[in-house]
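One structure is given below, encoded as structure tokens.
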Amino acid sequence: MIKKNLSLIALVLLVTPACARKAVLAEPADPTGDDPKYVRAGVPDLLPQLLKETVLHYGFDDATLTQHDTIALRRLADQMREQPWASIRIAGHCDERGTAEYNLALGQRRADAARSYLIKLGIAPSAVESITFGEEVPLIEAETEEAFAENRRAEFGAAPLELFGFLVDQN
């Protein structure tokens, strides 16, 4: 009797793994090096591309949003409402005219203007970080009016992920 029960248990143990579900492995990383496309219920993540495309330009010694800027920020806010877990960073920049200290403050006012507008549109303050680079990171290194105009900007990107006080590499 014991021998028969052991044989039955052995048979069950041999057959059971064959019936188990197979683990689904994640797809390999994109070999082209493009950013990963995150999906939720089959909907692609449009936020990374929208962040890259959104650049606000300002007038000389100005941090005022234009009508074009508010339209771009409304599109960004709409996408962020679809992804309430997302956090972004707005970086304010200036041209090289003015002192370094003044340009750092002006860059911060530019980033803060965009941040305030997003918060006014209902985005959580904790989801939008604003920083300044002043004149330190020019887009175009030239002393022409066109270069100055391109360098007076606010750029958008994903905020770095921080867990337990440590930055997490998202690449």
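The values are calculated or read from the model by the stated rules, or taken from the named source; none is laboratory data. Quick caveat: nothing in here was measured; it's all calculated off a predicted structure. Cβ atoms come from the backbone with ideal geometry, glycine included; neighbour counts cover every protein chain shown.
Of all residues assigned to region 101-121, none qualifies as being assigned to a loop (DSSP other than H, G, I, E, B), over 14 Å from the mean Cα position of the chain (by Cα), modelled with pLDDT under 95 and under 26 Å from L46 (Cα atoms). Could you grab me the full set of residues in region 122-138 that are over 14 Å from L76 (Cβ atoms) and assigned to a helix (DSSP H, G or I)? Those that are over 14 Å from L76 (Cβ atoms) and assigned to a helix (DSSP H, G or I): P125, S126.
Identify, from the list R89, R74, the residue that is of a type in the set (D, E, K, R), assigned to a helix (DSSP H, G or I) and either touching a strand residue (DSSP E or B) at 6+ places or on another chain (Cβ under 9 Å) or at pLDDT 95 or above (or both).
Working: R89 fails: assigned to a helix (DSSP H, G or I).
Going through R89, R74 in turn, just one is of a type in the set (D, E, K, R), assigned to a helix (DSSP H, G or I) and either touching a strand residue (DSSP E or B) at 6+ places or on another chain (Cβ under 9 Å) or at pLDDT 95 or above (or both): R74.
For region 55-71, a residue qualifies if it is farther than 13 Å from R115 by Cβ and buried (at least 19 other Cβ atoms within 10 Å of the Cβ), and exactly one does: Y58. Taking D61 as the residue in question, decide whether it is part of a loop (DSSP other than H, G, I, E, B), at pLDDT 90 or above and over 23 Å from V128 (Cα atoms). Against the criterion (part of a loop (DSSP other than H, G, I, E, B), at pLDDT 90 or above and over 23 Å from V128 (Cα atoms)), D61 qualifies.
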